[in-house]
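Working notes for the structure below.
Where a number appears in this text, it was derived from the coordinates with a stated rule and is not lab data. The structure displayed is predicted, hence computed values, not measured ones. Ideal geometry is used to build each Cβ from the backbone, glycine not excepted, and the neighbour counts take in all protein chains shown.
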Amino acid sequence: MTDPWARPANQPPQEPTPPTGEQPTQQLPPQAAPPTAPPPAPPTGPPPQQAPAAQPPEPPKPPKTGSAFTRFIRDPLSITLVIVIVAALGLAGLVGGELWARSKGSEVVAQSTQCIVQDGVTVSFGARPFLLQHFTGHYSGIHITTAGNNIREAKGMKADIVIDNVTVANDGSNRGTIGNLNTTVTWSAEGIKETIKKAIPLIGSFVNGVTTNPSNGTVELDGVLGSIIAKPQVVNGSISLQVVELTGLGFTLPRETVQPALDAFTSQLTKDYPMDLRADSIEVTDSGVTTKLSAQNATMDAGAPQSGDCFAGI
C-alpha cells in the first residue's frame, strides 16, 4: 500500500509551513569583519623642532653715559656734515673776499687812470687770485681800456693798456713801481682832424678832412686851398709828423712852411705821456693811426707833472 505522506523522489524537500499568524524569520548572511589598517610608517625626516620657550622681556637699557661731545665724535655722519659745512662757508668767504678785492682794486685803478687820460675807463684783472695779490702788494695782469672819446687834448684817441709786475709802496710821493706797461693807442682820422683844427688854428682853419693811406704810410690833410701830406714816424721815442708834400692853390710849397707847426703839435702831445712812456712803433691804417708805447720800471709818482695827484689814492 502506498504511503500518502511519502515524497516523490525527484521533488525537493519543502520548508515546514509556519503556523498561521507568524512570519518566517530571515536569516542574514554573516558579515565579514572590517579590514585592519596597517600600522603607520615610521617618520623618515628630522624630528620636528620644538617651539622655543617664551623668553622673559629684556630689562630696559641704562641711559647713555658720557658728554654730548663724546657721543658726537662717535658719529661719523655728524663729523662729515660739519666738515662739509665748514668747507662751504670757507669757500663762500674766499669767493666773497675775492669779489670785494677785485671790485675795490678796479675802483682804485679806474680812478687813477681816468685822472691821467681824462676819459672813461674799463678795468679787468687776470685769472690769478686778486685777493692774494692784495695781501702781497704785488699785482699782475691788469687790463685797462679807455672809452675812446679822447686822451687829454687828443680827440678820438683810444688806449688799450696792459700792466704787469706792479709793486705798491707808500713812501712819501712814491706809490710804487710798474715793471711792464704796454699800451696800444689808436687815433681815428676824424679825431686827428678835430685835434688839429683846435691845436693848430693856422693850419686847422683850412683843414676840412683827413685821409689815411696805408700803402705808403702817409696821412693827408685836405683843405680848400691845398693839402698837406705827412708821414707819421717814431723819433727818439716820440711821435713826429714829417711833411712829405705841401700844396696850395695848385702850387707845391716848401715844407718848412708848416713843419714847425706840426712839430710843436706832436711835441705837445707826446710830452704829456705819463710813466715815461716811449713810442715803439707807429702804423697808418685805413681808419687812422695806431701807435705802440711801453715803459719799464716806471715809478708811480704822486707829484709828477704828467700825473699830478692821480696816484694819491693808491
**Q.** Under-14-angstrom lysine pairs by C-alpha in segment 96-301, whenever the two are 8 or more apart or on separate chains
**A.** 4
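Compute for segment 79-194: radius of gyration divided by Kirkwood radius, i.e. Rg/Rh, restricted to C-alpha atoms, rounded to two decimals. Could you put the intermediate results ahead of the total?
Values: Rg = 18.7 Å, Rh = 16.3 Å.
Radius of gyration relative to Kirkwood radius: 1.15.
At a temperature of 4 °C and a viscosity of 1.567 mPa s, determine how fast segment 96-301 diffuses translationally according to Stokes-Einstein, using the Kirkwood radius over alpha-carbon pairs as Rh; express D in µm²/s, rounded to the nearest whole number. Mind dumping the intermediate values first?
Working: Rh = 18.6 Å.
Answer from the Stokes-Einstein relation: 70 µm²/s.
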Q: Please give the FRET efficiency for Ser215 paired with Arg255, using the beta carbon to beta carbon distance and R0 = 22 Å, rounded to the nearest 0.05.
A: 0.55
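Taking the Cβ of Leu181 as the centre, find all other residues whose Cβ is under 15 Å away and add up their charges (Lys, Arg: +1; Asp, Glu: -1). The partial results should precede the final answer.
On the way: positive: Arg175, Arg278, Lys292; negative: Asp160, Asp164, Asp276, Asp280, Asp301.
My count for the surroundings of Leu181 gives -2.
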